Amino acid sequence: MSTFRLERAGPSFWLGAQNTQAVYPGGPRGVGQLVWGPMSSTREHSDPSSEHARTVASITSRWPEHRVGPSLARIGALCELLGDPQDACPVIAVTGTNGKGSTAIMIDAILRSMGLRTGRFSSPHLEDITERICIDGAPVEAGRLDELWTQIGPMVDMVDARRLDGIVMTFFEVMTALAYAAFADAPVDVAIMEVGMGGRWDATNVADARVAVVGPVAMDHMQYLGDTLGAIAREKAGIIKPGATAVLAGQGPEAAAVLAEHCAEVGATMVREGPDFALLDRRVAVGGQLLRLEGAGG
């Protein structure tokens with residue numbers, strides 16, 4: 001089981017894999033001197049179900065997903081402490097108004113069929129938060145998530161103490177960091193990240209995705225993203241980074257113009273539904289769907 005070592009380097013911290021754990025003497029976690037020592041065996045004798053319940057309660061006690069703090073400052077600070085796990089593998093970011101989850105699952109299945117090991121982050125969950133972090137198509141084990149939280153929790157406390165933009169880290173930000181850490185530790189060949197809301201300041205966007213997928217843009221979350229299709233498309237276009245490949249679903253004229261303009265600004269390659277690829281046929285098949293696709297190669 002890998003854990004972490006923290007080293008001070010000027011104003012920042014570096015986190016690497018070592019057989020050590022954090023101890024915070026003299027008060028609540030995050031208060032007092034930071035001490036690093038050998039791993040304790042206490043966790044091995046605890047009740048796994050009760051420990052997972054404590055993990056879930058600790059994480060879900062934070063701001064819920066419907067209450068967001070639009071900023072990359074907190075997730076960026078945490079990822080810096082963790083050694084930037086979002087850079088450990090290529091990332092495919094998926095945004096849009098509807099169908100993000102289904103699209104991410106299809107991408108995941110296709111890549112696994114090609115022999116790649118995948119990590120997929122999605123939301124919401126139905127029964128347990130482990131469903132949000134999948135490795136090779138299966139939710140991360142509860143015990144593994146508990147281990148990650150034990151390792152990362154102290155770093156979250158450090159970011160919380162800074163009150164960046166006036167608030168502590170949100171539930172979604174913490175889950176995003178856990179996902180990137182799980183994928184880096186696995187390790188996976190590629191991470192498929194479903195954007196929670198918008199794109200530009202969504203926590204998943206702390207990574208520079210090599211491929212940015214934008215599904216159909218419609219009116220949604222207008223209190224955060226804007227009250228026009230153009231404004232909403234501009235927020236979602238934020239996942240398209242310089243030099244990336246942007247895979248764009250068919251869009252209305254207003255959204256299409258904004259996405260094309262952004263791609264030109266950052267030098268991203270556009271792959272558009274219609275001119276560049278198309279779904280020729282889709283029908284129900286045993287265990288799923290049978291698709292006929294047309295791409296650049298035919």
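The values are calculated or read from the model by the stated rules, or taken from the named source; none is laboratory data. This one's a predicted model, so the numbers in the text were calculated from it and none came from an experiment. Here the Cβ positions follow ideal geometry from the backbone for every residue, glycine too, while neighbour counts run over all protein chains shown. Heads up: the accessible areas ignore ligands, DNA and RNA and are worked out on the full protein's heavy atoms, side chains in. Shrake-Rupley method; radii C 1.70, N 1.55, O 1.52, S 1.80 Å.
Quick notes on this structure:
- Residues satisfying the stated conditions in the range 95-138, i.e. without any contact (Cβ under 8 Å) to a residue 60 or more places away in the chain and of a type in the set (Asp, Glu): GLU127, GLU131, ASP136
- Elements of type strands (runs of 3 or more DSSP E) contained in the range 68-138, each with 2 or more residues being more than 24 Å from HIS52 (Cβ to Cβ): 91-95
- Residue within the range 91-112 that is over 30 Å from LEU290 (Cβ atoms) and of a type in the set (D, E, K, R) present: no
- Tabulated pairs, the range 46-63, first among the small types (Gly, Ala, Ser), second part of a helix (DSSP H, G or I), C-beta under 9 angstrom, 6+ apart or interchain: SER49/ALA142; SER58/TRP149; SER58/GLY153; SER61/PHE171
- Residues of the range 48-96 that turn out to be acidic (Asp, Glu), at negative phi and in contact with a helix residue (DSSP H, G or I) (Cβ under 9 Å, 6 or more places away or on another chain), as a count: 3
- Tally of residues being open to solvent by less than 10 Å² (accessible area, probe 1.4 Å) and under 15 Å from LEU178 (Cα atoms) across the range 113-133: 5
- Check on ASP189, of a type in the set (Asp, Glu), at pLDDT 95 or above, open to solvent by 20 Å² or more (accessible area, probe 1.4 Å) and within 16 Å of ALA104 (Cβ to Cβ): yes
- Of the residues making up the range 102-112, none is modelled with pLDDT of 95 or more, among the hydrophobic types (A, V, I, L, M, F, W, C) and either more than 16 Å from MET193 (Cα to Cα) or surrounded by fewer than 16 Cβ atoms within 10 Å (Cβ to Cβ) (or both).
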